[in-house]
Amino acid sequence: MTRPYAPKVITANALVSGEVVYLTADDRWSPDLSEAEVLEDEAHAALREIEAAARAAEVVGVYLFEVRHGPRGPEPVHFREAFRATGPSNRFHGKQAEAAPRPARAA
């Protein structure tokens, strides 16, 4: 017996900035996961992934990942995607700075 298809979202990295982006239903790349198109059908998801991968002038590393429906839109099922959604981890900036207060610096 095959497992039912789990909802998925298409993600990539913006070519110029490197930021994690998500494909929306109106074919934009958004840095906000809540705007991502949730793909419920396996054949449609495969087609959208092919179309997204063809946009090599905009993004790199296109792939699908599993999500669940949450109160504010799609939520990653796996830790890797939840971690990617918070932005770069090399220093306190970007999405981390917006989500939490900045730690105090030692004098």
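The values are calculated or read from the model by the stated rules, or taken from the named source; none is laboratory data. This is a predicted model, so every value here is computed, not measured. Cβ atoms come from the backbone with ideal geometry, glycine included; neighbour counts cover every protein chain shown.
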Filtered residues of region 15-30 (kept if closer than 19 Å to PRO76 by Cα and either of a type in the set (Gly, Ala, Ser) or touching a residue at least 24 places away in the same chain (Cβ under 8 Å) (or both)): GLU19, VAL20, VAL21, LEU23, ALA25, TRP29, SER30
Residues being at pLDDT 95 or above, farther than 12 Å from VAL62 by Cα and out of contact with any Lys or Arg (no Cβ under 8 Å at 6 or more places or on another chain) - total across region 7-30: 7
Residue list for region 8-23, filter: surrounded by 16 or more Cβ atoms within 10 Å (Cβ to Cβ) and of a type in the set (Val, Ile, Thr): VAL9, ILE10, THR11, VAL20, VAL21
Which listed residue is among the aliphatic types (A, V, I, L, M), surrounded by 12 or more Cβ atoms within 10 Å (Cβ to Cβ) and outside any strand (DSSP E or B), from ALA56, ALA46: ALA46
Lone unmet requirement of (1) surrounded by 11 or more Cβ atoms within 10 Å (Cβ to Cβ); (2) modelled with pLDDT of 95 or more; (3) in a loop (DSSP other than H, G, I, E, B) for PRO88: (2)
Residue in region 14-26 that is part of a loop (DSSP other than H, G, I, E, B), within 22 Å of THR86 (Cβ to Cβ) and charged (D, E, K, R) present: yes
Considering residues of region 59-85 that are basic (Lys, Arg) and not in a strand (DSSP E or B) only, the residue nearest to the chain's Cα centre (by Cα): ARG84
